[in-house]
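Structure, as structure tokens:
The values are calculated or read from the model by the stated rules, or taken from the named source; none is laboratory data. For clarity, every value in this text was computed on a predicted model and none was experimentally measured. Note that each Cβ is placed from the backbone with ideal geometry, even for glycine, and that neighbours are counted across all protein chains shown.
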Amino acid sequence: MKVLPLLAILAALSLGAAPNNGLKPVWEDDFNAKELDPKKWNSGGGARIVDGKLQIEVTSTGKPGFWTSSWVNSSKKFTHAQGYFEASIRAVQTKGRGWVTYGIRNEDLSKVPSAGMRFTFTGGDKISPDLDIFDEAGSHHLTPKESVIPMDGGKSYKKFLTYGLQWTDKNYIWYVEGRQVHKLARPIPSAPMYLEFVQSLPEGGLLKDFMNPKAGPEPLQIDWVKVFKIP
């Protein structure tokens with residue numbers, strides 16, 4: 001059976017266009033500066049700008065197989081209430097390299113309700129929409145039991161694709177290339193959210209498939225980020 005490319009499958013699904021048509025972004029970054037803008041971003045670890053792209057990468061501790069994670073977020077520098085957040089991302093392909101996320105979340109997750117929604121990239125064609133909800137009953141991690149994003153052996157994911165996160169007064173919605181891929185109706189917080197990109201590692205930072213300190217896994221790359229206000 002012929003495997004259709006990801007973009008063709010998404011187009012065929014036609015599950016609804018992303019809600020940015022005719023909207024102007026209220027905040028954006030194209031990462032064309034030499035360094036991250038400290039007025040927009042907080043960062044740690046191996047996050048840096050390379051050739052106009054933000055790279056979220058692990059860095060070696062100098063000990064074979066052990067690495068340090070990295071992160072970038074806009075906490076306390078930019079937050080936005082219900083709206084549409086999108087980023088042009090080239091997903092990671094390497095298995096066994098930990099996991100990276102693109103997401104948005106409330107500053108204070110102890111307030112009820114509060115939430116964090118994201119795309120999680122774990123390499124090897126594994127990309128999942130995830131949602132953490134904190135309500136009166138406690139915390140809940142929600143993710144589809146099966147993949148809801150069509151895969152094609154990594155051919156499309158080696159390109160930059162647009163990943164969108166939208167939260168409204170009723171729903172959380174995930175988009176890939178302007179097409180809805182997942183939707184959940186859950187408690188909606190009133191507090192604004194900030195953006196974050198995180199490279200996470202197993203406990204202790206050990207990556208058994210990357211024992212050479214000079215040969216780590218490829219980074220997650222972000223070409224640009226935009227945030228739109230939804231009327």
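Side notes on the structure shown:
- Just one of the listed residues (Ser88, Ser69) is surrounded by 19 or more Cβ atoms within 10 Å (Cβ to Cβ) and either modelled with pLDDT under 95 or not aromatic (Phe, Trp, Tyr) (or both), namely Ser69.
- The stretch 149-159, residues that are surrounded by fewer than 16 Cβ atoms within 10 Å (Cβ to Cβ) and either acidic (Asp, Glu) or within 21 Å of Glu86 (Cβ to Cβ) (or both): Asp152, Lys158, Lys159
- Considering residues of the stretch 162-199 that are among the small types (Gly, Ala, Ser), surrounded by fewer than 16 Cβ atoms within 10 Å (Cβ to Cβ) and in contact (Cβ under 8 Å) with a residue 40 or more places away in the chain only, the residue farthest from Lys77 (Cα to Cα): Ser190
Conditions (1) of a type in the set (S, T, N, Q); (2) assigned to a loop (DSSP other than H, G, I, E, B); (3) at pLDDT 50 or above, marked per residue:
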| position | (1), (2), (3) |
| --- | --- |
| Ile9 | no, no, no |
| Asn32 | yes, yes, yes |
| Lys40 | no, yes, yes |
| Gly46 | no, yes, yes |
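- Some residue of the stretch 124-133 being over 26 Å from Glu28 (Cα atoms) and modelled with pLDDT of 90 or more: yes
- Residue in the stretch 198-218 that is over 30 Å from Ala33 (Cβ atoms) and in a strand (DSSP E or B) present: yes
- The stretch 163-184: number of residues that are of a type outside the set (D, E, K, R) and farther than 14 Å from Pro129 by Cα: 2
- Members of the stretch 81-128 that are assigned to a loop (DSSP other than H, G, I, E, B), of a type in the set (A, V, I, L, M, F, W, C) and within 20 Å of His141 (Cα to Cα): Leu109, Val112
- Subset of the stretch 101-132 that is of a type in the set (S, T, N, Q), surrounded by 17 or more Cβ atoms within 10 Å (Cβ to Cβ) and free of Cβ contacts under 8 Å to residues at least 60 places away in the same chain - its residue that is nearest to His80 (Cα to Cα): Thr120
- Among the residues of the stretch 53-61, none qualifies, meaning not one is surrounded by fewer than 19 Cβ atoms within 10 Å (Cβ to Cβ), in contact (Cβ under 8 Å) with a residue 24 or more places away in the chain and out of contact with any strand residue (DSSP E or B) (no Cβ under 7 Å at 6 or more places or on another chain).
- Among all residues of the stretch 42-64, there is at least one that is farther than 18 Å from Lys229 by Cα, among the β-branched types (Val, Ile, Thr) and over 19 Å from the mean Cα position of the chain (by Cα).
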